[in-house]
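Questions regarding the structure given below will be posed in turn.
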Number of protein chains: 2
Amino acid sequence: MSMTEEQITELRDGYRAGLMNDVIPFWMRHGIDHEYGGFLTSLNEDGQVIDTDKSVWFQGRGAWMFATLYTTVERRPDWLEISRRTIAFIREHCRDSAGKLYFTVTREGRPLRMRRYVYSEAFAAIACAAYAKAAGDGRAAEESVQYFSTYLRHSFEPGVMPPKSVPETRPSKGVAPLMIALVTAQEIRATLGDVMVNGARCSEWINRSIAEIERDFYKPELGALLEVVGLKGEVIDHFDGRTLNPGHALECAWFILHEARLRANDPRLLKLGLGILDAMWERGWDHEHGGILYFTDFKGLPIQEYWHDMKFWWPHNEAIIATLLAWKLTGAAVYAERHRLVHEWAHRHFPDPRHGEWFGYLHRDGSVASRLKGNHWKGPFHLPRMQWYCWKLL
Amino acid sequence: MSMTEEQITELRDGYRAGLMNDVIPFWMRHGIDHEYGGFLTSLNEDGQVIDTDKSVWFQGRGAWMFATLYTTVERRPDWLEISRRTIAFIREHCRDSAGKLYFTVTREGRPLRMRRYVYSEAFAAIACAAYAKAAGDGRAAEESVQYFSTYLRHSFEPGVMPPKSVPETRPSKGVAPLMIALVTAQEIRATLGDVMVNGARCSEWINRSIAEIERDFYKPELGALLEVVGLKGEVIDHFDGRTLNPGHALECAWFILHEARLRANDPRLLKLGLGILDAMWERGWDHEHGGILYFTDFKGLPIQEYWHDMKFWWPHNEAIIATLLAWKLTGAAVYAERHRLVHEWAHRHFPDPRHGEWFGYLHRDGSVASRLKGNHWKGPFHLPRMQWYCWKLL
């Protein structure tokens, strides 16, 4: 046993208290648009709204979080109402005439930006699924399946999404669409059951996603999960192909470990998830300053993104989940130790003792680089999801 | 007199030596593709090529630099040949079937990425103009005008360039296309004469660009040159509209001061250029660590780009030119002092004493964040242009 009962209790209580007494109250106090519905996530350190534009990603992510708290923590009507009004905002203001979701809209819901890809749809899918379960709302359940169907079609059917590059010269694919397919299918299955989407059950989409990640992106011989590869998993020896994202890979590891757990510690999935975790911990942990580096190069060459050595909040959230889940599944001391390392580094550097919640962006040495509490990429998702998941896990 | 003759001589010799003994030899040794023509700019600290993909921006920028050295420094055949082979590479490999230039191609010249905007064209235009003058090549002169014509049409004729956002909700425009129109017209006029492009002479494009920058982007009452405004110059109080780019604005200032100098110290242009310089020096100079901050917010709020406080090489190159030119035109001690500050900070932190040239990306405190010498945005342009311009100015 590599954690005492006392340590486990202390950790569990800490995650619960962070979620219930700090992070959720912060977003309820500052991040809810009581006039138009939905979330305002661009907040200064004290919660002041510094940009009223709305991220469609965060409408879905926030609605998912609050509906999930309603079904798994406490049936608080205000949580359900926040989720309900956000789902309505997405439905009424975030869809273009073809039904595809925007990337950003104004506070009132006028369209600002459409992007090629479909992550807005994936987050709307989990929001609607969680809300459907919380409220017993059949329309939301149908919308969840529709959004996920759009996501799958655009992400995986050749020709549906317009290409970013000239695809013939160097065909490539990323791990991100598979990871999001995997976690979205997990969420829908957990709330709506193992439903059919685009001709396959959620479990089948999970199996396919994990199989392709394992076959084409995970390179145990290189000690890395790659982000971008050729169509058959070939290593692309250019900046994009060499750039590793350890926090993203650790997130992938815990999605797979979560699936292993649901399947009675399935040994193949366990081995895969732990393999990715072990490799990418080594790739990402900063032995000089502590914390998880944002990008590293798998050959150790310089990285094109100049801010590669910054410490972001969300890779630490994912690393905290991945190491705790690995410890829970294996009992191995190495995972308890890694969890202690990343938990302590994160809690020493990210939280704002004055106004609450976490800062999002630190320099490599742990000093605060930006004092904002939210923007189009930081809102009520990674941090409260981590606190909720770890609390419930323990 | 705020600089002694001895100081001026020392500065001038330093810029010349940096250009001729360090930076140009570094790029000739490591950055020339002797097999396919053109420039390879993704280099490690020691000059090793770490990505063979080619930036089309840098084919134009590099060809311009070497043709300009040929006409203004020394008629070295190898410089002319580098420029000639790069122009040929652009002509043969960087154009799509409609004649628009790609953003990146492979080393051999197969297309990788097309972007909506047209900076590849602007840099190809100055390359062809400088080469046309260097080699007396009429075809290159025609191509220069064609590229600039495409640039102007896509940048300023409504409907030619596909919009990035939903333009109806919040119509906006950026200062960058006007700055590049201004400097491209200046280069073409300097090499090919005051030719007609799209119905107006280069001087007229210069006048129009400066007038619009002054009318819509420069806000003396706010002490700032804005990067993005509404179509009539309205301040957009969102992240994008508040974000200042001091190095970019200082570059704009010296383009205008350069024009003032060519027009016998035209007082209106002088006042405008110095006004932008004064305002944006205050906005950008880091009083805590020295150096020019990459982004600042004109209301002092947090900035969306998390790497806002990094120190990049090119804003320092632009600040060095702007302050030296302002001093040359006015003799005012304040500009000599600012030039000394930014010259000394830059030369203390950016140069690599071991392998030569400059690092490009430093943390706020001046420590090196990336050891690469070049990528798709750093190559033989900002640094040697600064050394060449300051040498010739003194």
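Write down the Å³ per residue value for the convex hull defined by the alpha carbon atoms of segment B:187-243. List each step's numbers first, then the result.
On the way: hull volume 6.0 nm³, N = 57.
Spread over its residues, the Cα hull of segment B:187-243 gives 105 Å³ apiece.
OK, next. How about segment B:65-155: which GluC sites (Glu not before Pro) there lie in a loop by DSSP and see at most 15 other Cβ atoms within 10 Å?
Working: sites: B:Glu74, B:Glu81, B:Glu92, B:Glu108, B:Glu121, B:Glu142, B:Glu143; in loops: B:Glu74, B:Glu108.
In loop regions of segment B:65-155 (DSSP not H, G, I, E or B), the sparsely surrounded GluC sites (Glu not before Pro) are B:Glu74, B:Glu108.
In the Gaussian network model of chain B, springs joining C-alpha atoms below 10 Å, which of B:Gly47, B:Gly331, B:Gly241 carries the largest mean-square fluctuation?
Between B:Gly47, B:Gly331, B:Gly241, it is B:Gly331 that shows the largest mean-square fluctuation.
Across segment B:129-212, what fraction of all alpha-carbon pairs, as a whole percent, falls in each successive 10 Å bin from zero upward?
Per 10 Å bin, starting at zero, the Cα-Cα P(r) for segment B:129-212 comes out as 17, 46, 26, 10, 2 percent.
Here is a follow-up. Quick one: what are the phi-derived ³J(HN,Hα) couplings along segment B:372-383, Karplus 6.51/-1.76/1.60 with θ = phi - 60°, whole Hz, x for glycine and proline?
6, 9, x, 7, 6, 10, 10, x, x, 9, 4, 5
Here's something else I'd like to know. Express the relative contact order of chain B as a whole percentage, based on alpha carbon pairs under 8 Å and six or more residues apart in sequence. Before the final figure, lay out the partial values.
On the way: 689 pairs, mean separation 71.8, N = 394.
Result for chain B is 18 percent.
Okay, moving on. Taking all protein chains together and a probe of 1.4 Å, list A:Asp51, B:Asp266 from the most accessible to the least accessible.
Numbers: A:Asp51 5, B:Asp266 45 Å².
These residues rank, largest area first, as B:Asp266, A:Asp51.
Using unit Cβ charges (K, R positive; D, E negative) and no other charged atoms, how large, in debye to the nearest 20, is the dipole of segment A:213-313 about its Cα centre?
On the way: 11 positive and 17 negative charges, 80 e Å.
For this selection, approximately 380 debye.
Put +1 on the Cβ of each Lys and Arg and -1 on the Cβ of each Asp and Glu in segment B:306-394; which of B:Asn317, B:Phe381, B:Gly331 then has its Cα farthest toward the positive end of the dipole?
In segment B:306-394, that residue is B:Phe381.
For segment B:34-42, in order, what is each residue's ³J(HN,Hα) by Karplus, 6.51 cos²θ - 1.76 cosθ + 1.60 with θ = phi - 60°, in whole Hz (x at glycine and Pro)?
3J(HN,Hα) across segment B:34-42, in whole Hz: 6, 8, 9, x, x, 10, 10, 10, 8.
Hey, another quick one. Treating each Cα of segment B:245-309 as an identical point scatterer and ignoring solvent, apply the Debye formula and state log10 I(q)/I(0) at q = 0.17 Å⁻¹.
Calculated log10 I(q)/I(0) at the listed q: -0.62.
Could you report the buried accessible area between A and B, both sides summed, computed with a 1.4 Å probe and given in Å² to the nearest 100? Mind showing how you got there, number by number?
Working: alone 16400 and 16380 Å², together 29270 Å².
Accessible area lost upon association: around 3500 Å².
Now, a different point. Any chance you could look up the accessible area of B:Thr52 with a 1.4 Å probe, heavy atoms only, rounded to 10 Å²?
Only protein atoms counted, so the area is about 50 Å².
Would you work out the Kirkwood radius for segment A:253-383? I mean one over the mean of 1/r across all pairs of different Cα atoms, in Å. Can you show the working numbers first?
Working: mean 1/r = 0.0641 Å⁻¹.
That comes to 15.6 Å for segment A:253-383.
Tell me what chain B gives for mean residue ellipticity at 222 nm when only DSSP H runs of n ≥ 4 count, each as -39,500 (n - 2.57), the sum divided by the residue total, rounded to 500 deg cm²/dmol. Before the final figure, lay out each step's value.
Details: 14 runs with 204 residues, N = 394.
Only helices count here, giving -17000 deg cm²/dmol.
Comparing A:Arg85, A:Arg107, A:Arg268, which has the greatest mean-square fluctuation in the GNM of chain A with Cα pairs linked when under 10 Å apart?
A:Arg268
Convex hull over the alpha-carbon atoms of the protein assembly as shown: what's its volume per residue in Å³?
Values: hull volume 125.5 nm³, N = 788.
Roughly 159 Å³ of hull volume per residue.
List the aspartates and glutamates whose Cα lies under 12 Å from the Cα of B:Lys299, skipping any in the same chain that are fewer than 8 positions away.
B:Asp237
Next question, about the same structure. Among A:Asn375, A:Asn207, A:Asn44, whose mean-square fluctuation peaks in a Gaussian network model of chain A (Cα, cutoff 10 Å)?
Sorting by GNM fluctuation, first place goes to A:Asn207.
To the nearest 20 debye, what is the magnitude of the charge dipole of chain B about its Cα centre, counting +1 on the Cβ of each Lys and Arg and -1 on the Cβ of each Asp and Glu?
Computed about the Cα centre, the dipole is about 720 debye.
Under a 1.4 Å probe, what is the accessible area of the protein assembly as shown per residue, stated in Å²? Mind showing how you got there, number by number?
On the way: 29270 Å² over 788 residues.
With the other protein chains kept in place, the protein assembly as shown gives 37 Å² per residue.
Assign unit charges at the C-beta atoms only (+1 for Lys and Arg, -1 for Asp and Glu), then state the dipole size of the protein assembly as shown relative to its Cα centre in Debye, rounded to the nearest 20.
1340
In addition: Let me check against my output: what whole-number percent is the relative contact order of segment B:1-107, with C-alpha pairs under 8 Å and at least 6 apart? Intermediate results must be reported in sequence, preceding the final value.
Working: 110 pairs, mean separation 26.0, N = 107.
Relative contact order here is 24 percent.
So, one more: Give me the orientation-averaged projected area of the Cα convex hull of chain B, in nm², one decimal. Present the calculation step by step, with values, prior to reporting the outcome.
Numbers: hull surface 74.0 nm².
Quarter of the Cα hull surface area: 18.5 nm².
What FRET efficiency do you get for A:Asp194 and A:Val368 if R0 is 56 Å and r is their Cβ-Cβ distance, rounded to the nearest 0.05? Walk me through the numbers on the way to the answer.
Values: r = 44 Å, r/R0 = 0.79.
Efficiency, rounded to the nearest 0.05: 0.80.
For segment A:22-69, with equal point scatterers placed on the C-alpha atoms only and solvent neglected, what are the log10 I(q)/I(0) values from the Debye formula at q = 0.13, 0.15, 0.20, 0.31 1/Å, to two decimals?
-0.26, -0.35, -0.63, -1.36
Okay, next question. Please turn the phi angles of segment B:70-85 into ³J(HN,Hα) values with the Karplus equation 6.51 cos²θ - 1.76 cosθ + 1.60 (θ = phi - 60°), one per residue in order, whole Hz, x for glycine and proline.
4, 7, 10, 10, 7, 7, 7, x, 5, 5, 5, 5, 4, 5, 4, 5
What is the mean projected area of the alpha carbon convex hull for segment B:8-92, to one decimal in square nanometres? Intermediate results must be reported in sequence, preceding the final value.
Working: hull surface 24.5 nm².
About 6.1 nm², averaged over all directions.
Could I ask something else about it? Can you send over the carbon and sulfur percentage of the accessible area for chain B, probe radius 1.4 Å, protein chains only? Intermediate values should be presented prior to the final figure.
Working: 7260 of 14630 Å².
Within chain B, the accessible surface is 50 percent carbon and sulfur.
Which cross-chain or sequence-distant (5 or more) residues have an amide H under 5 Å from the amide H of B:Thr104, H modelled 1.01 Å from N in plane?
Here B:Val56, B:Leu112, B:Arg113 satisfy the definition.
So which trypsin sites (Lys or Arg not before Pro) in segment A:318-394 end up in coil per DSSP with only 14 or fewer other C-beta atoms within 10 Å? Provide the component values of the computation, followed by the final result.
Details: sites: A:Lys328, A:Arg338, A:Arg340, A:Arg348, A:Arg354, A:Arg364, A:Arg371, A:Lys373, A:Lys378, A:Arg385, A:Lys392; in loops: A:Arg354, A:Arg364, A:Arg371, A:Lys373, A:Lys378.
Of the trypsin sites (Lys or Arg not before Pro), the ones in loops of segment A:318-394 whose Cβ has at most 14 other Cβ atoms within 10 Å are A:Arg354.
The values are calculated or read from the model by the stated rules, or taken from the named source; none is laboratory data. Computed from a prediction, not measured in an experiment: that's the story for all the values here. Here the Cβ is made from the backbone with ideal geometry for all residues, glycine too, and neighbour counts use every protein chain on show. All accessible areas refer to the heavy atoms of the entire protein, side chains included, with ligands and DNA or RNA removed. Shrake-Rupley method; radii C 1.70, N 1.55, O 1.52, S 1.80 Å.
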